[in-house]
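The values are calculated or read from the model by the stated rules, or taken from the named source; none is laboratory data. Computed from a predicted model, the values in this text were never measured in an experiment. Here Cβ is always computed from backbone atoms with ideal geometry, including for glycine, and neighbour counts include all displayed protein chains. Protein only, heavy atoms only, side chains kept; ligands, DNA and RNA dropped before computing areas. Shrake-Rupley method; radii C 1.70, N 1.55, O 1.52, S 1.80 Å.
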Amino acid sequence: MSNVTLIPLLRDGEPPAAAIERPESRSPFILLADHAGQRIPAQLGDLGLPAGEIDRHIGWDIGSLATAQLLSQYLDATLIHQRYSRLVIDCNRTPGIASSIPEISENTRIPRNIGVTVEEAQARRNEVFQPYHDLITQTLNQRHDCGQSSVIISMHSFTPSFKNISRPWQVGTLFNRNPEFSLQLVAFLQQDGSLNVGVNQPYAMTDATDFTLPFHAEQRHLPYVGIEIRQDLITQPDGQEQWAKRLARLLPQVLSAYNHSK
């Protein structure tokens with residue numbers, strides 16, 4: 001169906017889906033936050049959720065944006081993030097699969113996502129998913145055309161337990177193809193004996209579970225890592241600053257070691 005026949009999802013006055021900070025940065029690092037926001041377009045109401053549910057992990061990656069913004073500041077690095085909730089459409093899932101517009105997240109039913117029409121799904125893709133990824137593509141293209149290297153750091157957070165199963169890691173690293181940069185970060189994180197570092201934890205990255213890094217990093221053969229920080233460590237400003245400073249210190253060292261290993 002042609003896009004012109006679709007009813008717009010976002011109304012006048014609602015912010016665009018994608019935001020960029022420090023677009024002119026010359027840092028080799030570019031930060032992405034797929035699940036940074038928890039806005040719901042007014043047209044979708046509250047998605048049929050009880051009050052407060054959107055504030056849980058099902059609605060967004062708690063603490064990820066604040067931590068990414070501090071890391072962007074410390075590294076003077078470009079940050080691109082998504083303003084709308086992953087429950088509207090998940091910007092780290094391939095459109096069309098069941099988890100793209102989830103009917104159930106963890107154990108919670110999302111009433112407004114049940115029976116979504118093809119046209120409604122396309123509107124969510126056109127106005128939320130696509131602008132975010134188009135902005136990433138445009139930024140990476142511009143950096144490439146200017147001869148600027150790019151190392152993609154995808155920032156996420158995870159719950160301390162999932163379906164009553166405890167998650168012991170403070171931080172996880174996600175990767176699939178081209179794992180060299182990610183494994184260098186693992187080695188540097190593991191130098192801190194107090195950290196339990198998850199390697200492809202709390203889940204393993206695959207083309208079925210992830211879209212952003214396979215599409216933007218792996219297809220371009222760019223060094224990358226997905227960073228998952230346990231939410232209870234970055235819910236408050238002190239923890240966000242602690243983790244941003246740790247990563248701002250380690251990532252340049254990781255990049256140096258990665259470059260020397262090539």
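What list of ³J(HN,Hα) values in whole Hz, one per residue of the stretch 210-215 in order, does the Karplus curve 6.51 cos²θ - 1.76 cosθ + 1.60 (θ = phi - 60°) give from phi, with Gly and Pro shown as x?
Per-residue couplings from phi come out as 9, 10, 4, 6, x, 6 Hz.
At a threshold of 8 angstrom on Cα-Cα distance, excluding pairs fewer than six apart, so keeping six or more, what relative contact order does the stretch 10-106 reach in percent?
41
log10 I(q)/I(0), Debye, Cα-only the stretch 27-167, no solvent, q = 0.10, 0.16, 0.22 Å⁻¹?
Taken in order of the listed q values, log10 I(q)/I(0) reads -0.37, -0.88, -1.36.
Rounded to the nearest angstrom and ordered from largest down, what semi-axes does the equivalent ellipsoid of the stretch 29-72 get from its C-alpha gyration tensor (root of 5λ)?
In descending order, the three semi-axes are 25, 11, 7 Å.
Pop out the carbon and sulfur fraction of the accessible area of the chain as a percent, whole number, probe 1.4 Å.
With neighbouring chains kept in place, the figure for the chain is 51 percent.
Report the full-extension gain for the segment Ala187 to Tyr203: residue separation times 0.36 nm, less the Cα-Cα distance, to one decimal in nm.
Length gained between Ala187 and Tyr203: 3.9 nm.
Phe188 accessible area, nearest 10 Å², 1.4 Å probe?
About 40 Å², rounded to the nearest 10.
In degrees from 0 to 90, rounded to the nearest 10, what is the angle of the helix 237-261 Cα long axis to the longest principal axis of the chain?
Tilt relative to the chain: about 60 degrees.
Residue by residue through the stretch 184-196, what is 3J(HN,Hα) from phi via Karplus (6.51 cos²θ - 1.76 cosθ + 1.60, θ = phi - 60°)? Round to whole Hz and write x for glycine and proline.
Values per residue, Gly and Pro as x: 5, 5, 3, 4, 5, 5, 6, 5, 8, x, 7, 9, 9 Hz.
Amide H of Thr78 versus every other amide H placed in the peptide plane: which residues, excluding those fewer than 5 positions away on the same chain, fall under 5 Å?
Correct list: Ser25, Ser27, Leu31.
What is the helix-to-structure angle for 130-145, meaning the angle in degrees between its Cα long axis and the longest Cα principal axis of the chain, kept from 0 to 90 and rounded to the nearest 10?
Once rounded, the angle reads 30 degrees.
Spelling out what I want: for every residue of the stretch 222-231, take phi, set θ = phi - 60°, compute 6.51 cos²θ - 1.76 cosθ + 1.60 (Karplus), and round to whole Hz; glycine and proline get x.
With the stated coefficients, the stretch 222-231 comes to 9, x, 6, 7, x, 10, 10, 10, 5, 4 Hz.
With +1 on each Lys and Arg Cβ and -1 on each Asp and Glu Cβ, and nothing else charged, work out how big the dipole of the stretch 106-172 is about its Cα centre, in Debye to the nearest 20.
My answer is approximately 340 debye.
As a test of the formula, what do you get for the chain when each DSSP H run with n ≥ 4 contributes -39,500 (n - 2.57) and the sum is divided by the residue count, at 222 nm and rounded to the nearest 500 deg cm²/dmol?
-9000 deg cm²/dmol
Using modelled amide H (1.01 Å from N, peptide plane; none on Pro or chain starts), what sits under 5 Å from the amide H of Ile104, excluding residues fewer than 5 places away?
Ile110
Report Rg (one decimal) and Dmax (nearest whole number) for the chain, counting Cα atoms only, units Å.
Calculated on Cα positions, Rg and Dmax stand at 18.0, 57 Å.
Using alpha carbons only, how many degrees (0 to 90, rounded to 10) separate the axis of helix 64-75 from the longest principal axis of the chain?
Helix 64-75 sits at roughly 40 degrees to that axis.
With every protein chain left in place and a probe of 1.4 Å, what is the accessible surface of Arg11, to the nearest 10 Å²?
130
What residues from the stretch 77-107 fall in the zone where the backbone N is under 16 Å from a label point 7 Å along the Cα-to-C-beta line of Phe215?
Residues passing the 16 Å test: 80-102.
Out of all DSSP beta bridges with both ends in the chain, state the antiparallel percent to the nearest 5.
40
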